[in-house]
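One structure below.
The values are calculated or read from the model by the stated rules, or taken from the named source; none is laboratory data. Treat the numbers as computed from the prediction; the structure is a model and nothing was measured. Cβ placement follows ideal geometry from the backbone for every residue including glycine, while neighbour counts extend to all protein chains displayed.
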Amino acid sequence: MHIITGTVAYDYIMDFPGLYEDHILPDQIHKINLSFIVNKFERRRGGTAGNVAYSLALLKTPHLLFTYAGKDFDEYKTAFEKLKINLTGVKIDKKNYTSTGFAMTDKNDNQIWGFFNGATDNIPKLQLFSVAKKGDTVLIGPAGAKGSMSLISQCIEHNFSYIFDPGFILTQVTDSELTKGVTHAKYLIGNDYEIEMIGRRVKNFKKIAKEKIVIKTLGGKGAEVMDHGEKIDIKPVKVTKVVDPTGAGDAWRSGFIAGLERNFDITTCAKMGSTAASFAVEKYGTQQHSFSLQEFKLRYRHTYKTLLDL
């Protein structure tokens, strides 16, 4: 089974119909006091672990969500229980709120974000040995530097295989911490920018990379997989319309993990990742897409000209 770590969060998403640049005076940036009237507001479920779990549920893939949520988790819980997601690993901080993000986007797609860690600060307290067993694989999703590094150390100590997805913590971890996470990972995944930064910060990265599977997602250009030094190009899946790329990376991870859980070869797993991501970009939000297994298999077959046995 796969253990999914990272964050669950509520995202408050707002659209500002104007441009920030029209309201920010360059010679007055030392004393900004601005307010904006927004014309769109939505509250969405989010967080990297929550997003991955959501798409894994659509793919009917057993997994355990292992993270911390807050006293306001009930709405999230109800939605995930309907999807039959295993929530026995979700710990509740009864004194704090679930992590919350606040995003406001102008009409040129410039964004201002605020993020409240909330219950996520408890993630370093999680004990993997309480839920994982030999043969399980852990997704180490971004959970703050302390949280992610704690889980990595536990994986190393207990000899659990893990997928390292540093993402947002790249700016928080030291080079030595990053090297530790990369060196012991069975799989390393990130977008092209993240993998480039990892390559610059980790000494002997090229040598280390040949000992594992390194996945570089390329957005609309597909993905590149280095399987112990052997390059595999994964072409993108054609979409109806790109509405919002936010969350596509998490969906990609879900498709890939769903393949691993079924013991498919790495190429098939990566193609499943690209297929899952294609559904995510067609909807606004990270958990708004939906598909049946039949729809998933059909889109996979149209792109890769092979049948997928789910």
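Side notes on the structure shown:
- Set side by side, the residues Ser153, Ser148 differ, and just one is modelled with pLDDT of 95 or more and either more than 21 Å from the chain's Cα centre (by Cα) or over 20 Å from Val52 (Cα atoms) (or both), which is Ser153.
- Selected residue (only one of Ala69, Ala53 is at pLDDT 95 or above and either touching an Asp or Glu at 6+ places or on another chain (Cβ under 7 Å) or outside any helix (DSSP H, G or I) (or both)): Ala69
- Within region 74-89, the residues that satisfy the criterion of being closer than 24 Å to Ser292 by Cβ, exposed (fewer than 15 other Cβ atoms within 10 Å of the Cβ) and either free of Cβ contacts under 8 Å to residues at least 12 places away in the same chain or among the aromatic types (Phe, Trp, Tyr) (or both) are Thr78, Glu81, Lys82.
- Test: Phe102 is over 25 Å from Ala276 (Cα atoms), in contact (Cβ under 8 Å) with a residue 40 or more places away in the chain and surrounded by 13 or more Cβ atoms within 10 Å (Cβ to Cβ): yes
- Contact annotation: residue pairs with Cβ atoms under 7 Å, 6 or more positions apart or on different chains, pairing a residue in region 126-139 that is of a type in the set (S, T, N, Q) with a partner that is surrounded by 11 or more Cβ atoms within 10 Å (Cβ to Cβ), are Thr137/His2; Thr137/Ser161; Thr137/Tyr162; Thr137/Ile163; Thr137/Leu260.
- All conditions but one from (1) under 19 Å from Gly273 (Cβ atoms); (2) crowded, with 20+ Cβ neighbours inside 10 Å apply to Ser161; the one that does not is (2).
- Subset tally (residues that are over 17 Å from Thr246 (Cα atoms), surrounded by 10 or more Cβ atoms within 10 Å (Cβ to Cβ) and among the acidic types (Asp, Glu)) for region 20-73: 2
- Qualifying residue in region 107-114 (condition: crowded, with 17+ Cβ neighbours inside 10 Å and in contact with a strand residue (DSSP E or B) (Cβ under 8 Å, 6 or more places away or on another chain)): no
- Filter pass, Lys297 being farther than 29 Å from Ala185 by Cβ, in contact (Cβ under 8 Å) with a residue 60 or more places away in the chain and not small (Gly, Ala, Ser): no
- The residue list Gly144, Gly222 contains one member that is over 23 Å from Thr98 (Cβ atoms) and out of contact with any Asp or Glu (no Cβ under 6 Å at 6 or more places or on another chain), which is Gly222.
- Of the strands (runs of 3 or more DSSP E) lying entirely inside region 90-142, the ones with 3 or more residues being within 19 Å of Gly167 (Cβ to Cβ) and among the aliphatic types (A, V, I, L, M) are found at 137-140.
- Close pairs (6 angstrom Cβ cut-off, 6 or more residues apart or separate chains): closer than 30 Å to Phe164 by Cβ in region 6-26, at pLDDT 95 or above and aliphatic (A, V, I, L, M) anywhere: Gly6/Ala49; Thr7/Ala49; Val8/Ala49; Val8/Ala69
- Every pair of residues 6+ apart whose Cβ atoms lie under 8 Å, when the first sits in region 265-276 and is over 13 Å from Ile215 (Cβ atoms) while the second is among the basic types (Lys, Arg): Thr275/Arg299
- Inter-residue pairs, beta-carbon under 9 Å, first closer than 16 Å to Ser148 by Cα and touching a residue at least 60 places away in the same chain (Cβ under 8 Å) and in region 171-199, second among the basic types (Lys, Arg) and not in a loop (DSSP other than H, G, I, E, B), 6+ apart: Ile189/Lys216; Ile189/Arg253
- For region 240-252, a residue qualifies if it is in a loop (DSSP other than H, G, I, E, B) and within 21 Å of Ala103 (Cβ to Cβ), and the qualifying residues are Val242, Val243, Asp244, Pro245, Thr246, Gly247.
- Residues that are surrounded by fewer than 17 Cβ atoms within 10 Å (Cβ to Cβ) and part of a loop (DSSP other than H, G, I, E, B) within region 253-281 comprise Arg262, Asn263, Asp265, listed in sequence order.
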